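What follows is calculated from the coordinates using simple rules that are stated; it is not laboratory data. Small disclaimer: the values here were computed from a predicted structure and weren't measured. Cβ: placed from backbone, ideal geometry, glycine included. Neighbour counts: every protein chain shown.
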Amino acid sequence: MLNKFKVLRSSLSLMVILSVCSACFTVFGQDLVPVSDITGGSSVFVFRNSAKASKKYSSTSKASRTKAQRLESAKRIKTQYETLAKEQPRRARSTVVDPDKLPPSVRTMPKDQASRLFAGVGEYYIDQNDLENSVNFFRESVTLDAKNKKAVDGLSDALAAKGNELLIRDQAATAKAFFLESLKNNPNNASALFGLGEVYNELDQADLAIANYEKALANDKALSEIYLPLGVLYFQKGEIAKADELLTKALAAAPDMAETQLFLGMIRLSQNRNPEALAAFQRAKQLDPENADVYFNSGEAFTRIGRTNEAIADYQKAVSLRPKYFEAWRGLGGAFFDAEKYPDSVAAYKQAARLKNDSGDVFAALGDAHRMTGNIVEAQSNYDLAVLFMSRSKDYSKDEIADIYSKIGYVIGRQCEINQKNFVPCQWPTAIKALEKAVELGGGNTADFANLGWAYYNAARIDQYEKRESDRLLKLQSAKTNLQKAVATNPPYVEGPLLNLGMTLTDLGDYNGAVDALSKVVKKEPKWVFALNELGIANRKLDNYKEAINNFKKAIDKDPNFASAVYNLGEAEFRSGNMGGAKQAYQKLVKMGQKNLAAQLELITMGAVKK
């Protein structure tokens with residue numbers, strides 16, 4: 001008989017406050033967040049990682065060199081080689097012959113004599129930088145006498161010089177033929193080797209580029225300008241130690257090269273040597289203040305060491321210099337998120353999504369940012385896109401996708417609060433499907449079972465409200481099964497699923513089981529007033545008024561404005577025969593402005609509390 005009387009679960013206003021105070025519920029990486037149900041009660045959702053955000057998707061450092069940088073590198077290597085060759089010739093040269101002084105009888109001379117003269121003319125033209133004529137005369141010399149080594153080496157040099165001339169004019173494909181011919185004549189020609197390395201670098205054939213750079217250095221150790229492009233290629237291949245060695249040498253040889261500072265800083269980032277990386281980027285900013293990549297990577301370094309405002313400034317500079325810089329917009333979104341500037345985070349992530357509209361991690365992060373602004377509907381929309389694109393890519397694990405499905409289930413549940421106010425049905429069946437997917441992909445993650453039980457419990461509350469008794473019981477059994485699986489593993493956050501299990505058992509009529517579960521919750525989390533209230537409800541169902549009254553009083557002591565507990569205390573006091581206690585509860589409800597609850601208590605006591 002007494003169980004037919006109304007008891008109230010935790011008030012909606014209290015749950016709204018608690019749901020934004022996730023730090024109050026953080027336990028070993030998981031966050032427990034109360035979610036209001038249709039009766040104003042509160043069940044607890046377990047975030048698999050953090051209630052603030054899912055996995056932090058860090059931006060990937062840009063490790064590529066621009067065409068302008070590659071061309072400039074080719075110029076520097078060519079200039080260095082020519083300077084070194086003047087100081088210390090790299091080959092034995094033929095005697096220079098002025099073409100105007102060639103004897104008319106040269107064509108009738110013995111071939112070896114004519115070969116030497118033509119080689120001399122080749123030397124003359126190479127000194128004049130007339131490479132076309134130089135190549136022609138050296139070729140003629142070699143044709144006349146293939147054993148004329150000075151001519152063969154001269155031809156190799158002229159061909160290499162012509163190839164490098166074409167290379168710095170951005171004609172890599174044409175230059176390649178000259179380098180290959182040069183190396184047929186002299187396989188150890190460092191000038192042709194580094195030129196061919198540049199060609200393969202331009203063609204994104206990293207292994208061939210590295211091989212030729214390495215051969216060039218092996219044949220001419222003084223070519224320090226090769227350290228930079230070769231070091232970058234090793235960095236791109238993930239051979240960090242080799243890249244570090246080469247770029248450290250490049251920096252020692254030319255400390256004021258912005259590009260070297262940039263790439264060495266990126267290596268330091270990859271080694272998690274963040275202060276050193278930042279120092280390199282700061283120097284690069286001074287040397288090249290208009291380089292967007294420098295500011296992007298500096299933003300990454302500031303993010304790593306927790307200097308969020310400075311990271312924001314650098315990301316903003318990067319996108320101002322390069323408005324379509326996807327990685328920088330993504331980094332900016334993350335930095336704003338870390339700074340808890342969620343509307344700004346949404347704006348930055350939206351820009352990133354416009355630039356790359358199939359990035360699963362951007363849509364996941366955008367969903368998090370929308371959720372933190374309270375825009376739950378937009379959060380769900382972006383989470384849906386995240387799982388769509390993540391599922392199509394091999395870059396994401398099943399567990400990462402499961403985490404997003406878990407978030408989808410949560411935001412659908414949170415929408416129920418909004419839907420109730422607008423007389424729109426709650427979408428718990430959709431939440432259940434999402435959380436079932438999380439269980440399927442999550443590989444036995446305890447939080448997934450806990451949350452699936454949470455969704456079934458809340459769906460059962462809707463069935464109860466709409467008087468679908470058979471559906472309600474089926475869902476409560478599913479809730480019980482999943483919550484028991486979660487509790488059985490005794491996770492660090494066990495109080496969350498235990499609370500939900502206790503409430504489920506109450507609704508199933510297993511009041512002793514509910515008291516046992518809820519007693520464990522309040523023992524572990526004595527500040528959870530809503531758990532105390534639920535324990536009071538379970539004891540009240542057992543007609544254990546003394547314990548119920550004690551539970552409700554403890555809840556009120558911790559939160560004097562906890563209206564549901566005040567109402568429940570008054571009802572329990574009345575049933576226990578303590579009319580004075582019931583009157584005090586009634587008067588408190590009136591004083592609190594809770595007219596509806598006061599009227600309900602008055603109705604139960606047949607007006608006695610008002611007299």
_Fraction of alpha-carbon pairs over 23 Å apart in the stretch 72-183 - percent_ = 28
*Can you tell me the 0 to 90 degree angle between the C-alpha axis of helix 469-488 and the longest principal axis of the chain, rounded to 10?*
60
*Where does helix 274-287 land angle-wise versus the long Cα axis of the chain, in degrees 0 to 90, nearest 10?*
50
*Read through the labelled values [x] 69.0; [y] 24.0; [z] 34.3 and report the label of the one computed as mean projected area of the Cα convex hull in nm² from the structure.*
[z]
_Between helix 308-321 and the chain, what is the angle of the helix's C-alpha long axis to the longest principal axis, kept within 0 to 90° and rounded to the nearest 10?_
50
*Are any of the pairs Lys67/Lys147; Lys341/Lys467; Lys467/Lys558; Lys350/Lys433; Lys101/Lys176; Lys480/Lys523 more than 32 Å apart by Cα-Cα distance, and if so, which?*
Lys67/Lys147; Lys341/Lys467; Lys467/Lys558; Lys101/Lys176
*May I ask you to sort Phe363, Phe296, Phe235 by Cβ crowding, counting other Cβ atoms within 10 Å and putting the fewest first?*
Phe235, Phe363, Phe296
*Give me the distance between the Cα centres of the stretch 406-425 and the stretch 438-512, rounded to whole Å.*
18
*How big is the charge dipole of the stretch 204-260 about its Cα centre, in debye rounded to the nearest 20, if each Lys and Arg gets +1 on its Cβ and each Asp and Glu gets -1 on its Cβ?*
160
*If you find the alpha carbon centre of the stretch 275-296 and of the stretch 310-356, how far apart are they in angstrom?*
18
*Would you mind counting up the charge near Ala277? Only other residues with Cβ under 9 Å from its Cβ, with Lys and Arg at +1 and Asp and Glu at -1.*
+1
*How large is the charge dipole for the chain, taken about the Cα centre, if only the Cβ atoms of Lys, Arg (+1) and Asp, Glu (-1) carry charge, to the nearest 20 debye?*
1920
*Using only the Cα atoms of the stretch 440-540, build the gyration tensor, take square roots of its eigenvalues as a ≥ b ≥ c, and label the shape rounded, prolate or oblate: rounded if a/c is under 1.5, else prolate if a/b is larger than b/c, else oblate.*
oblate
*Estimated [θ] at 222 nm from DSSP helical runs (n ≥ 4, -39500 (n - 2.57)) normalised by residues in the chain, nearest 500*: -22500 deg cm²/dmol
*Exposure proxy check: Val377, Val142 ranked by fewest other beta carbons within 10 Å?*
Val377, Val142
_If packing is taken as the average count of other Cβ atoms within 10 Å, what order do 192-198, 270-276, 158-164 fall into, highest mean first?_
192-198, 158-164, 270-276
*Determine ³J(HN,Hα), in whole Hz, for all residues of the stretch 120-125 in sequence, where each value follows from phi through the Karplus function 6.51 cos²θ - 1.76 cosθ + 1.60 and θ = phi - 60°; x replaces Gly and Pro.*
x, 5, x, 5, 4, 5
*Cα-centred dipole magnitude for the stretch 423-531, charges only on beta-carbon of K, R (+1) and D, E (-1), debye, nearest 20*: 140
*From the cross-link list Lys86/Lys149; Lys475/Lys520; Lys524/Lys611, which pairs have alpha carbons spaced over 29 Å apart?*
Lys524/Lys611
*Could you give the length gained on full extension between Asp399 and Gln171, defined as 0.36 nm per residue of separation minus the Cα-Cα distance, in nm?*
77.3 nm
*Per residue and in cubic angstrom, what volume does the convex hull of the Cα atoms of the stretch 122-263 have?*
112
*For the stretch 131-137, 3J(HN,Hα) per residue [Karplus equation, 6.51 cos²θ - 1.76 cosθ + 1.60, θ = phi - 60°, Hz, x = Gly/Pro]*: 6, 4, 5, 4, 4, 4, 6
*Could you tell me which of rounded, prolate or oblate describes the stretch 494-600, using a ≥ b ≥ c as the square roots of the eigenvalues of the alpha-carbon gyration tensor, with rounded for a/c under 1.5 and, failing that, prolate when a/b is larger than b/c and oblate otherwise?*
prolate
*For Ser43, residues with placed amide H under 5 Å, excluding near neighbours*: Val35, Asp37
*asked:* Compute the distance from the alpha-carbon center of the stretch 182-203 to that of the stretch 100-150, in whole Å.
replied: 24
